[in-house]
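Asker: I'd like to ask some things about the structure below.
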Amino acid sequence: MLTAILALLLFAVLIFPHELGHFLMARATGVQVNEFAFGMGPAIWQKQRGETLYSIRVFPIGGYCAMEGEDTESDNERSFSNKAAWQKLLVLIAGSAMNVLICVVIVTVIIGISGTATTKITVLDKTQPAWQAGLRPGDKIVAVNSEPISSWTDLSMAIQKNHDDLKISYIRGGNRHTVSVKAVKNDDRYVIGIMPQLDHNPLNAVRNGIKTTGTMTGALFSGLKMLITGKAGADDVSGPVGIVSMVHQSASRGAVFFFLLMAFMSLNLAIINMLPFPALDGGRVIFVLIRAVTGNAITDRMEAAVHAIGLMLLLGLIIVITWNDIVKLL
């Protein structure tokens with residue numbers, strides 16, 4: 001039951017903010033929105049406010065933003081199809097931008113709560129090399145083998161790289177000192193027996209949240225490159241069933257793992273949705289750019305037909321991936 005609830009929460013957070021991004025930008029650029037819905041399926045609540053019907057639907061797995069003239073021709077001057085190219089682009093990109101923002105917010109909150117490791121020592125193991133070399137709580141490590149250290153990650157990498165001969169420089173009482181330390185191996189990693197002081201500064205959390213999101217983006221693009229070049233196959237791709245399985249695994253490890261999965265999946269949706277494939281926002285962006293150059297050479301009906309074909313192909317791909325997910329579970 002918990003897995004089902006968390007899976008619904010995950011899908012809602014993935015899809016609804018995406019559609020909210022489209023909705024907010026559509027309103028900002030003057031596009032008429034006929035309906036904005038939370039959830040899918042039959043409506044359980046509806047309210048007409050102005051030109052927009054707001055609704056809550058029975059299945060809380062996302063939502064949608066129905067814009068006038070989005071997939072059909074319309075004489076309405078406020079329809080999506082009659083807006084300038086730059087306005088269309090803003091509306092199309094806004095959905096993925098919202099997903100990126102969700103990722104940044106989640107990662108920032110996690111970092112802010114758990115804290116960011118600094119290079120200032122707070123705890124030492126008296127049986128390990130750092131204590132024996134003379135390091136003490138409150139010392140701030142600033143360099144290893146004359147290389148500046150600005151983060152705990154830098155320090156960890158330096159220890160792994162130069163474990164046999166570490167010249168650690170630190171600040172104590174305003175004075176700089178240097179000691180020699182030889183790391184010891186523990187569970188396939190080299191350690192010297194220190195724990196960092198954690199920083200809970202909100203500005204640092206935001207900065208690290210943005211930086212971490214950038215790192216995650218690079219990892220996702222690397223994964224896409226592997227799929228395109230054949231270095232990764234269909235077994236490495238997960239659909240809805242696979243996502244539910246990941247939700248179950250992350251929930252068993254605690255709230256932090258679940259919310260990290262949520263952040264990763266939100267970013268993943270943003271990137272996938274901007275791929276230049278028909279029916280995806282990225283494919284629509286390509287059509288906007290082409291039609292801005294070619295004028296009336298491509299009609300709304302022609303574009304809608306291409307997107308319809310793309311949607312069928314995507315649904316077919318989802319069916320194949322879902323089948324693979326079920327086979328892997330069984």
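Asker: Does K88 meet the test of being charged (D, E, K, R) and part of a helix (DSSP H, G or I)?
Answerer: Yes: the conditions hold for K88.
Asker: Can you name the residue in region 58-75 that is out of contact with any helix residue (DSSP H, G or I) (no Cβ under 7 Å at 6 or more places or on another chain) and touching a residue at least 12 places away in the same chain (Cβ under 8 Å) and is also least open to solvent (accessible area, probe 1.4 Å) among such residues?
Answerer: A66
Asker: Right, another one. If you scan region 30-45, which residues turn out to be closer than 25 Å to S81 by Cα and either free of Cβ contacts under 8 Å to residues at least 12 places away in the same chain or of a type outside the set (D, E) (or both)?
Answerer: G30, V31, Q32, V33, N34, F36, A37, F38, M40
Asker: From the list R284, R291, pick out the single residue that is in a helix (DSSP H, G or I), of a type outside the set (A, V, I, L, M, F, W, C), at pLDDT 85 or above and under 17 Å from H18 (Cβ atoms).
Answerer: Of R284, R291, the one residue that is in a helix (DSSP H, G or I), of a type outside the set (A, V, I, L, M, F, W, C), at pLDDT 85 or above and under 17 Å from H18 (Cβ atoms) is R284.
Asker: In the set F23, F80, which member is of a type in the set (F, W, Y) and under 30 Å from R207 (Cα atoms)?
Answerer: On inspection, the qualifying residue turns out to be F23.
Asker: Checking the conditions here, which among T122, T118 is in contact with an Asp or Glu (Cβ under 7 Å, 6 or more places away or on another chain), open to solvent by 30 Å² or more (accessible area, probe 1.4 Å) and either within 22 Å of G174 (Cβ to Cβ) or modelled with pLDDT of 95 or more (or both)?
Answerer: None of the others qualify; the one that does is T118.
Asker: If you go through region 202-224 one residue at a time, do you hit one that is under 26 Å from T3 (Cα atoms) and either touching a Pro at 6+ places or on another chain (Cβ under 7 Å) or modelled with pLDDT of 90 or more (or both)?
Answerer: Looking for residues that are under 26 Å from T3 (Cα atoms) and either touching a Pro at 6+ places or on another chain (Cβ under 7 Å) or modelled with pLDDT of 90 or more (or both), one finds at least one in region 202-224, hence yes.
Asker: Scan the strands (runs of 3 or more DSSP E) fully inside region 132-237 and keep the ones with 3 or more residues being open to solvent by 40 Å² or more (accessible area, probe 1.4 Å) and not β-branched (V, I, T).
Answerer: Per the criteria, 175-181, 194-199.
Asker: Quick one: count up the residues across region 21-37 that are under 18 Å from L101 (Cβ atoms) and open to solvent by 50 Å² or more (accessible area, probe 1.4 Å).
Answerer: Residues flagged as under 18 Å from L101 (Cβ atoms) and open to solvent by 50 Å² or more (accessible area, probe 1.4 Å) within region 21-37 amount to 4.
Asker: Here is a follow-up. List, please: which pairs have Cβ atoms under 7 Å, are six or more places apart or on different chains, and start with a residue in region 46-57 that is surrounded by fewer than 10 Cβ atoms within 10 Å (Cβ to Cβ) and end with one that is in a strand (DSSP E or B)?
Answerer: Every condition considered, the pairs that remain are K47/Y54.
Asker: Related question: Among the residues in region 85-95, are any without any contact (Cβ under 8 Å) to a residue 40 or more places away in the chain, crowded, with 18+ Cβ neighbours inside 10 Å and touching a helix residue (DSSP H, G or I) at 6+ places or on another chain (Cβ under 9 Å)?
Answerer: no
Asker: Filter region 294-303 for residues that are hydrophobic (A, V, I, L, M, F, W, C) and part of a helix (DSSP H, G or I); which is farthest from V91 (Cα to Cα)?
Answerer: Among those residues, the one meeting the criterion is A297.
The values are calculated or read from the model by the stated rules, or taken from the named source; none is laboratory data. Only a predicted model underlies this, so the values are computations on that prediction, with no experimental measurement involved. Quick reminder, even Gly has a Cβ in these numbers, built from the backbone with ideal geometry, and neighbours come from all protein chains shown. Side chains are part of the model used for accessible areas, which takes the heavy atoms of the whole protein and leaves out ligands, DNA and RNA. Shrake-Rupley method; radii C 1.70, N 1.55, O 1.52, S 1.80 Å.
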